[in-house]
Amino acid sequence: PARPAACPELQGESSAAMTTPTITLFLMVTAAKATVPTIGDQASAMQLSQCAKNLATALAELRTAAQKAQEACGPLEIDNALTVVRGLEKDMVEAKASAGDGKLKPLPGETLEKCSQDVGNSTKAVSSAIAQLLSEATQGNENYTGMAARDVAQALRALASAARGVAATTADPQARNAMLDCASDVMDKSANLIEETKRAIAKPGDPDSQQRLAQVAKAVSQALNRSVNCLPGQRDVDNAIRTVGEASKKLLANSFPPSGKSFQEAQVNLNQAAAGLNQSANELVQSSRGTTQDLAKATGKFGHDFGEFLDAGVDMAGQSQNKENQTQVVSNLKTISMSSSKLLLAAKVLSTDPNSPNLKNQLAAAARAVTDSINQLITMCTQQAPGQKECDNALRELETVRGMLENPTEAVSDLSYFDCIDSVMENSKVLGEAMAGISHNAKNSNLPEFGDSVSSGSKALCGLTEAAAQGAYLVGVSDPKSHAGQKGLVDPGQFARANQSIQMACQNLVDPACTQSQVLSAATIVAKHTSALCNACRLASSKTANPVAKRQFVQSAKEVANSTANLVKSIKALDGAFNQQNREKCRVATGPLIEAVDNLTAFASNPEFASVPAQISAEGLAAMEPIVVAAKTMLESSTGLIQTARSLAVNPKDPPKWSVLAGHSRTVSDSIKKLITNMRDKAPGQRECDEAIEVLNNCIREVDQASLAAISQQLTPREDISQEALHEQLAASVQEISNLIEPVAIAARSEASHLGHKVSQMVSYFEPLIMAAIGTASKIQSSQQQMAVLDQTKTLTESALQMLYTAKEAGGNPKAAHTQEALEESVQMMKEAVDDLGATLSETASAAGALGGMVDSITAAINKMEESPAGEPDGSFVDYQTTMVKTAKAIAVTVQEMVTKSNTNPDDLGGLASELTNEFGELATEAKYAAITAENDEIGSHIKKQVGELGFNCTGLVTKAGALQCSPNDSFTKKELIDSARKVSEKVSHVLAALQAGNRGTQACITAASTVSGIIADLDTTIMFATAGTLNRENSETFADHREHILKTAKALVEDTKLLVSGAGASQERLAQAAQSSVITITKLADVVKLGAASLGAEDPETQVVLINAVKDVAKALSDLISATKAAAGKPHDDPAMLQLKNSAKVMVTNVTSLLKTVKAVEDEATKGTRGLEATIEHIKQELAVFSNGDPPPKTSTPEDFIRMTKGITQATAKAVAAGNSCRQEDVIATANLSRRAIADMLHSCKQAAYHPEVSKEVQNRALRYGNECALGYLGLLEHVLVIIQKPSHELKQQLANYSKRVAGSVTELIQAAEAMKGTEWVDPEDPTVIAENELLGAAAAIEAAARKLELLRPRTKPKEADESLNFEEQILEAAKSIAAATSALVKAASAAQRELVAQGKVGACPANAVDDGQWSQGLISAARMVAAATSNLCEAANSAVQGHASEEKLVSSAKQVSASTAQLLVACKVKADQDSQTMKRLQAAGNAVKRASDSLVKAAQKAAFDAQDEQAVVVKSRMVGGIAQIIAAQEEMLRKERELDEARKKLATIRQQQYKFLPSELREDGQEQ
């Protein structure tokens, strides 16, 4: 750039934008996307969705630009920071000049309170940034030092703005000038610090530079403190602290002369002063939440009251004649002085940051510490009647804890809600016993016991108050409209306390009066607190997403740990020799530790790491009220009770007081009961769960109605919104629900206060989900997909309902163990339902070309990659690197396929885009953990950057795929898709390069393993050619031409193997070289062996296969060795991965040796078969070791594939026995090749089938056991054949039969195990019983379909003159419907009866000879078919009759046919059934129901016909000719009808005779009777 400072300015601004504001914007994007599904107005929803996408894209581009700017401008950042700070110093001078002229005005929104808080926060940020700057400068890392300098400049800019605001809003000119002067001084000192840092970077490790740097940093720290002290209110607190310090100097005197007052006067003064100081402490706590004026007034009063109290305490010390008692009084006064100073310091810090919940808790704790120390002093000094001082102490304690209930909008402890209830219950029991003890002991004047009861009652009341305040807070924040506070990255209070303890321990160490035991005690304190600090740093570094902060926490922890280790060494030396020299070494060693802890504490005070306070809604406050009121009533009554008891202890004979005590006691009991009742009634989340359950039930009803409409083809498509918009809305709802499953489960398990929030949040997405699902279904053409969407939506809603029921029962109570298992099951069910619906949506979306959801998924994956992970990574960098390489290559393949499909079949692009989205999601997840486990942050950030860029290019490709799918013939879009695909492929190569930079050696191993896999596949192809007899020699070459080359290459491979094994423990460079060298050598070896095999000639294929198999074994062993080397890289020698590496190396050497032997024996006709068999035996042993290792296979297969593979074992066994008997080398070598293939295939398919997800654990173990036994049996057979070949004998050959029988037995067991894998449904499809059951089920389905058809039928609208027949038509429909329902029940009952017969053994499930049972089954089949056919005819006749197209006779005939076929079905089932069987009774009842329904239809139809005949009016013509003609016509019609009746009877008889021939014997007699 033309202006050198412009680049770092730009980069500084963009980096600033990439910190907190960007995180806020990313959260805004997430919130917007989560809100989209809940917006009813479609236009607004689409606009919000589009804006969120645009903002996300812009942020991603800004992030990329900032990273590039940082890479380009890193070295200039220190200069830029210095320029900024000098400019700020100039601004402060100008502001002071403006103030002098009266022109300094506050900016809009600036108030004194706000600007004072901003000054406090910005000073912390500056301190934190300076600590970071010092740490990076010490290490000499210029890049990170520049980033730290930039952070310092940004923090100073905020401080300058806040200081100007304070000056502009302050009326006092002196205070205004002081503020601006101090701010200007901070800028000056900070500029000096940055200049010194620049010099220190130029001379890394120079001790003088480091010393100057530390001095300048200390000057900045002091200037910052002066700035804070200029704030209004701070000066008053400082004055009070000075007052306490000055007053405490009186305690340093050697003697305390008596003041002349009596002991009683001194005692009264001390009690009054104690009450005043206690009151002032409580007022100070309250004022810290108010204005600066309130704080100034309260601190002044506290300082005054402390002075009076100390004077009274010194008087009391003077009253003590005993030196020991005097010392004890003074010691207690010192404790009160220290706790008072801590209280004032806490108030001072809180006044600058009033919203910090941690600081408020620390202030309350400090006030309680003051009360406790006052009580200790009063207990020791006062000589009252026993029980009186206990009552006074109790009253002071109750006064202190009362403040907790004034405004319980902050957590007062870490107790969960149910812990609070338990605490209330336990403390109420203790309080009940204490109250009884107070009454009893006061009545009997047992004053010591009375005092004990008062003390225990006071502790119980404090515990009750604390639990009630925490419970009320949790009820308040659990309201869905409230916002719970968030824990900060670190607890600054913990760091401050640890810092203070470490400094005090170090002072004790260097104290000359310190004894040896005190030295060891101090060392223990130091070790304990530094360990806690290091653990806190480790946790913070794992949680933060800021790489600079992560690095700083780690570095600070290292500095603290190293300086602690040095101090411990010097303490050990001092403990061994307690002399001045070692003490001096200890003193020197404490310096670096104190400095390291100071720097860490300053860094941890950064507001960025602070916690966020809770915001409780009005509804939340109303819910808290009953608990708070009950607790306040309890405290007030308890105070009255203790005051009454105090006077009764002195005068137990005062009846009115006893009635007052009883009244207070009753009020306390009632208020505690109310407190417990209210806490149980107000349990967080219960109301929200009930409301959510009601919403989900309504949602289920809506889906049911939509499903019924879809079945009847009446689901009206939504016209107000596009299908893509509906898809996006549905996908977004499903995604948000999926994101909330685990949070709801966690809240239900143990976080009651979050349950209401999470449940309300999750259920808010179900109404949009249902609307979108119904809308999506209405626009889907395929009825199958339509029902799938609706059914799966209903399943998801039902599983959510089940989860809410269990969540409500669990209620966030971790002690409710009985609900945890049910909760886990419901969570799992809901996750599966989400996955199923998501998969269906992906299919429908990709089919429709709606790919917007995929773009969102990729963007979400990129954003998640930038988030810090929830826990520690499970694997090493190598594990993540391996997975990422595999996934990146899969992406490359998918992209290439998309290019191909864009030309041939664009409709497939949606599915490929979905595949690409899933693959990128996996890659991004792995990249997050790979970045964490990388060697350094630079490699990690580079990997994430490359994966992010790949993601952005993937979104472009997916968008183009959607566009091309919508317009397949658009050549311009096709060209754009190809360009996008090229860019994605290019970015994949960048990702692979970034991974290689991370671990070059392991990356070389991954590449090598891939290459070797290709070689193995190539060798498999060569074996196929050789087996087919087509691997021919070239020219006239012989094997001798290749032998030496093979042997030489094999020996070179052995050397490479040694290098590979040693490379695992060496550098990545050496490992990479060894991997590359071994791949080159195995490639040469495979090529030369293939040439050698070809030279043997196609006439000897078996020998060719033996030779190629030998080199294939070597390649497999090398592949395993490379994988083991990759896993063992960088691991210690005792790691299990190293043992695996050694084993793999042994196998490699064995296989190379086997290859060398095979090469030497290949031309020896007498031994080549034997050698081949030996190699096969070794290969089977290795395959068996892989089979038995317990690792699941990469894929699974079906039991059918498994059974198919067992056939090869039978053939190979026969071949092996034949070879053993013949002892011919040709047979042996053929056996060796066949055996190798058969056993390997069997073991692979056995393991793949056994690990199928549907196979039970028991069947899996059985299959694996018999697979192992089969392989071992076959191995034994081959070894026996080998013995026979070497020493043939008749006895040995006779033993072959036993070996083959063992193998055959194992194969039989294997086949049975495969059948068990199929389960009970594995049947013979030709079995008549199975046919019968299928026919029954088919009949039932046909009948149910007919019944549904009848349901849709409605009587036809007729002319008015036919109104009388409507009754008949209604009867027809009702009767036909009842027949259809009854026949459906009948067929189902018949099926149940058949199953019972099978279970009783009267009929076999799969009979070998199905003559008898088959006859029964055939009867059942024919009857079932007849029932189904007759019912179908009945429905048609009913339909026709209603519509006026058929006669009543046809209807009656159809009904009678249903009745007859039903009777036949009953006979078929009666043949062998037990008459007392419940199933048979149900079958009989079902049959009777069908008969009754049929009869009622017949009667209705006949009655209608009879009535119609009665009502038919015959008009007789009056004329002669017409009358005769009428008679002739009637007679003619009668004769015709009689002839038709005779013909119909004959036809029916013929049909029955024909059917009778095919009926089973059991049915014939019954059929005749009918």
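The values are calculated or read from the model by the stated rules, or taken from the named source; none is laboratory data. These numbers were taken from a predicted model, which means no experiment stands behind them. Every residue, glycine among them, receives a Cβ derived from its backbone with ideal geometry; neighbour counts consider all protein chains shown. To get the accessible areas, we keep the full protein, side chains included, count just its heavy atoms, and leave off ligands, DNA and RNA. Shrake-Rupley method; radii C 1.70, N 1.55, O 1.52, S 1.80 Å.
Evaluation of Gly493 against the conditions (1) modelled with pLDDT of 75 or more; (2) within 22 Å of Phe609 (Cβ to Cβ) shows that the sole unmet condition is (1). With respect to the conditions (1) farther than 17 Å from Met1024 by Cα; (2) in contact (Cβ under 8 Å) with a residue 24 or more places away in the chain; (3) open to solvent by 40 Å² or more (accessible area, probe 1.4 Å), Met1242 lacks only one, and its number is (3). Elements of the type helices (runs of 4 or more DSSP H) sitting completely within the stretch 868-983 and holding at least 1 residues that are open to solvent by 40 Å² or more (accessible area, probe 1.4 Å) and in contact with a Pro (Cβ under 7 Å, 6 or more places away or on another chain): these cover 909-933, 937-966.
For beta carbons closer than 8 Å, sequence separation of 6+ or different chains, a first residue in the stretch 813-829 that is within 17 Å of Ala752 (Cβ to Cβ) and outside any helix (DSSP H, G or I) and a second that is acidic (Asp, Glu) and open to solvent by 70 Å² or more (accessible area, probe 1.4 Å), the qualifying pairs are Ala816/Glu809.
The single condition among (1) at pLDDT below 90; (2) under 22 Å from Ala467 (Cβ atoms) that Pro656 does not satisfy is (2).
Only helices (runs of 4 or more DSSP H) whose full extent lies in the stretch 1133-1232 are considered here, and the ones with at least 3 residues that are of a type outside the set (A, V, I, L, M), open to solvent by less than 20 Å² (accessible area, probe 1.4 Å) and within 16 Å of Ile1285 (Cα to Cα) are 1168-1187.
Assessment of the stretch 1010-1021 against the conditions (acidic (Asp, Glu), touching a residue at least 12 places away in the same chain (Cβ under 8 Å), surrounded by fewer than 17 Cβ atoms within 10 Å (Cβ to Cβ) and assigned to a helix (DSSP H, G or I)) yields at least one matching residue.
Looking at the stretch 737-775 only, could you name the residues that are open to solvent by less than 30 Å² (accessible area, probe 1.4 Å), in a helix (DSSP H, G or I), of a type outside the set (A, V, I, L, M) and within 25 Å of Val29 (Cα to Cα)? Steps first, answer last, please.
To start, the set of residues in the stretch 737-775 that are open to solvent by less than 30 Å² (accessible area, probe 1.4 Å) comprises 737, 740-741, 744-745, 747-748, 752-753, 755-756, 759, 762-763, 765-766, 768-770, 772-773, 775.
Okay, now just the ones that are also in a helix (DSSP H, G or I), so 737, 740-741, 744-745, 747-748, 752-753, 755-756, 759, 762-763, 766, 768-770, 772-773, 775.
Cutting the leftovers down to of a type outside the set (A, V, I, L, M) gives us 753, 756, 766, 768, 775.
Hits for the stretch 737-775 are Gly756, Phe766, Pro768.
Scanning the stretch 914-967 for residues that are over 25 Å from the mean Cα position of the chain (by Cα) and among the small types (Gly, Ala, Ser) yields Gly956, Ala961, Gly962, Ala963, Ser967. Write out, first by first residue and then by second, each pair whose Cβ atoms fall under 8 Å of each other, whose residues are 6+ apart or on separate chains, and whose first residue, in the stretch 75-87, is farther than 11 Å from Met147 by Cβ and in a helix (DSSP H, G or I) while the second is at pLDDT below 85 and open to solvent by less than 20 Å² (accessible area, probe 1.4 Å). Pairs that qualify, where the first residue is farther than 11 Å from Met147 by Cβ and in a helix (DSSP H, G or I) and the partner is at pLDDT below 85 and open to solvent by less than 20 Å² (accessible area, probe 1.4 Å), are Pro75/Gly146; Leu76/Pro8; Leu76/Gly146; Asp79/Pro8; Asn80/Pro8; Asn80/Gly12; Val84/Gly12. Here the condition is being part of a helix (DSSP H, G or I) and more than 42 Å from the chain's Cα centre (by Cα); of Lys1116, Lys1090, it holds for Lys1090 alone. Please count how many residues of the stretch 673-691 are modelled with pLDDT of 90 or more and within 15 Å of Glu751 (Cα to Cα). Adding up the residues that qualify gives 1. Considering the stretch 691-736, and only residues there that are part of a helix (DSSP H, G or I) and β-branched (Val, Ile, Thr), the residue that is farthest from Ser783 (Cα to Cα) turns out to be Ile693. Scan the stretch 1060-1074 and tell me whether some residue there is in contact with a Ser or Thr (Cβ under 8 Å, 6 or more places away or on another chain), under 25 Å from Ser1036 (Cβ atoms) and surrounded by 21 or more Cβ atoms within 10 Å (Cβ to Cβ). No, the stretch 1060-1074 contains no residue that is in contact with a Ser or Thr (Cβ under 8 Å, 6 or more places away or on another chain), under 25 Å from Ser1036 (Cβ atoms) and surrounded by 21 or more Cβ atoms within 10 Å (Cβ to Cβ).
Taking the stretch 629-640 as the range and being open to solvent by 10 Å² or more (accessible area, probe 1.4 Å) and either under 17 Å from Leu474 (Cα atoms) or out of contact with any helix residue (DSSP H, G or I) (no Cβ under 6 Å at 6 or more places or on another chain) (or both) as the test, the residues that pass are Val629, Glu636. Just one of the listed residues (Glu688, Glu625) is acidic (Asp, Glu), under 20 Å from Ile421 (Cβ atoms), part of a helix (DSSP H, G or I) and open to solvent by 20 Å² or more (accessible area, probe 1.4 Å), namely Glu625.
Matching residues to (1) more than 25 Å from the chain's Cα centre (by Cα); (2) at positive phi; (3) surrounded by fewer than 17 Cβ atoms within 10 Å (Cβ to Cβ); (4) at pLDDT below 50:
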{"residue": "Glu13", "(1), (2), (3), (4)": "yes, no, yes, yes"}
{"residue": "Ala17", "(1), (2), (3), (4)": "yes, no, yes, yes"}
{"residue": "Thr24", "(1), (2), (3), (4)": "no, no, yes, no"}
{"residue": "Lys33", "(1), (2), (3), (4)": "no, no, no, no"}
{"residue": "Val36", "(1), (2), (3), (4)": "no, no, no, no"}
{"residue": "Gly40", "(1), (2), (3), (4)": "yes, no, yes, no"}
{"residue": "Leu48", "(1), (2), (3), (4)": "yes, no, yes, no"}
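Sub-6 Å Cβ pairs linking a first residue in the stretch 350-375 that is hydrophobic (A, V, I, L, M, F, W, C) and at pLDDT 70 or above to a second residue that is part of a helix (DSSP H, G or I) and open to solvent by 30 Å² or more (accessible area, probe 1.4 Å), at least 6 apart or interchain, are Ala366/Lys342, ordered by first then second residue. Ala498 meets all of the listed conditions (1) under 17 Å from Ser605 (Cβ atoms); (2) open to solvent by 60 Å² or more (accessible area, probe 1.4 Å); (3) small (Gly, Ala, Ser) but one, namely (2).
Quickly run through the stretch 671-683 and pick out the residues that are farther than 19 Å from Glu426 by Cβ and in a helix (DSSP H, G or I). Quick ask: steps written out before the conclusion?
In the first step, residues of the stretch 671-683 are kept if they are farther than 19 Å from Glu426 by Cβ; the result is 681-682.
Asp681, the sole residue that qualifies.
Among the conditions (1) within 28 Å of Ala645 (Cβ to Cβ); (2) at pLDDT below 85, Val430 misses just one, which is (2). For the stretch 68-92, the set of residues classified as of a type in the set (Val, Ile, Thr), open to solvent by less than 40 Å² (accessible area, probe 1.4 Å) and at pLDDT 85 or above consists of Val84, Val85, listed by residue number. When the residues of the stretch 203-258 are filtered to those that are assigned to a loop (DSSP other than H, G, I, E, B) and free of Cβ contacts under 8 Å to residues at least 40 places away in the same chain, the one that is nearest to Lys348 (Cα to Cα) is Ala253.
Out of Ala163, Ala131, Ala95, one residue alone is in contact with a Phe, Trp or Tyr (Cβ under 6 Å, 6 or more places away or on another chain) and open to solvent by less than 50 Å² (accessible area, probe 1.4 Å). It is Ala131.
So which residues in the stretch 1110-1132 are under 23 Å from Ser1235 (Cβ atoms) and open to solvent by 10 Å² or more (accessible area, probe 1.4 Å), if there are any at all? Lys1112, Asp1113, Lys1116, Ser1119, Asp1120, listed by residue number.
Could you list, in sequence order, all residues of the stretch 590-627 that are within 27 Å of Ala505 (Cα to Cα) and polar (S, T, N, Q)?
We begin by selecting, within the stretch 590-627, every residue within 27 Å of Ala505 (Cα to Cα); these are 590-606.
Once the filter is applied, which keeps residues that are within 27 Å of Ala505 (Cα to Cα) and polar (S, T, N, Q), the stretch 590-627 yields Thr590, Asn599, Thr601, Ser605, Asn606.
Checking the condition touching a helix residue (DSSP H, G or I) at 6+ places or on another chain (Cβ under 9 Å), closer than 30 Å to Gln615 by Cα and either open to solvent by 40 Å² or more (accessible area, probe 1.4 Å) or assigned to a helix (DSSP H, G or I) (or both), which residue from Glu397, Glu433, Glu449 passes? Walk me through it before giving the result.
Details: Glu433 fails: closer than 30 Å to Gln615 by Cα; Glu449 fails: closer than 30 Å to Gln615 by Cα.
Within the list Glu397, Glu433, Glu449, the selection yields Glu397.
Only residues that are of a type in the set (Phe, Trp, Tyr) and within 52 Å of the chain's Cα centre (by Cα) were counted in the stretch 1263-1314, giving 2.
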